[in-house]
Amino acid sequence: QVRLVESGGGLVQAGGSLRVSCAASGFISGIDSMGWYRQAPGKQRELVAAISSGGNTNYADSVEGRFTISRDNAKNTVNLQMNILKPEDTALYYCTARKRGVDYWGKGTLVTVSS
């Protein structure tokens, strides 16, 4: 079992920045990719960014150039630095980790961007 706990969400004005973090614990050996998804009210959950164990990253088109995902394998953490935030970035942000084909999810942290 892999446990994921997010932190760092909150309220920010449009144009501002916010950093969300995720700490993994439990049976963390063998975790492959980690990433962030988000779900806005009334919308489907969508991938925001992901990073492999080797550091390869991919981003949703909507956040490319504004968000940066990073990972510390020694500390078992993954972070998402969000800059130039827009009201449409408002959502519940979930941390995810994949291990041997199984996806694990955190409970989410709320990010609200006011206009």
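By accessible area, using a 1.4 Å probe on protein heavy atoms only, the chain has 48% of its surface on carbon and sulfur. Between C22, G42, S7, the Cα set farthest toward the positive side of the dipole of the range 3-53 (charges on each charged residue's Cβ, about the Cα centre) is that of G42. Each pair of Cα atoms in the range 1-97 enters the Kirkwood radius, and Stokes-Einstein at 37 °C and 0.692 mPa s then converts it into a translational diffusion coefficient of 241 µm²/s. Apply 1/(1 + (r/R0)^6) to the Cβ-Cβ distance of A74 and S52, taking R0 = 22 Å, and write down the FRET efficiency to the nearest 0.05. Taking R0 as 22 Å, the efficiency between A74 and S52 is 0.85. Rounded to the nearest 5, the antiparallel percentage of DSSP beta bridges internal to the chain is 90%.
Counting only Cβ charges, +1 for Lys and Arg and -1 for Asp and Glu, the dipole size of the chain around its Cα centre is about 280 debye.
Return the distance in nm (one decimal) between the two label points of a simple spin-label model at R66 and Q81, each offset 7 Å from Cα along Cα→Cβ. My value for the distance between the label points is 1.7 nm.
The values are calculated or read from the model by the stated rules, or taken from the named source; none is laboratory data. Since the structure is predicted, the reported quantities are computational estimates derived from the model, not experimental observations. As a convention, Cβ positions derive from the backbone with ideal geometry for all residues, glycine included, and neighbour counts pool all protein chains shown. The protein model used for the area step is the full one, side chains on, heavy atoms only, and it has no ligands, DNA or RNA in it. Shrake-Rupley method; radii C 1.70, N 1.55, O 1.52, S 1.80 Å.
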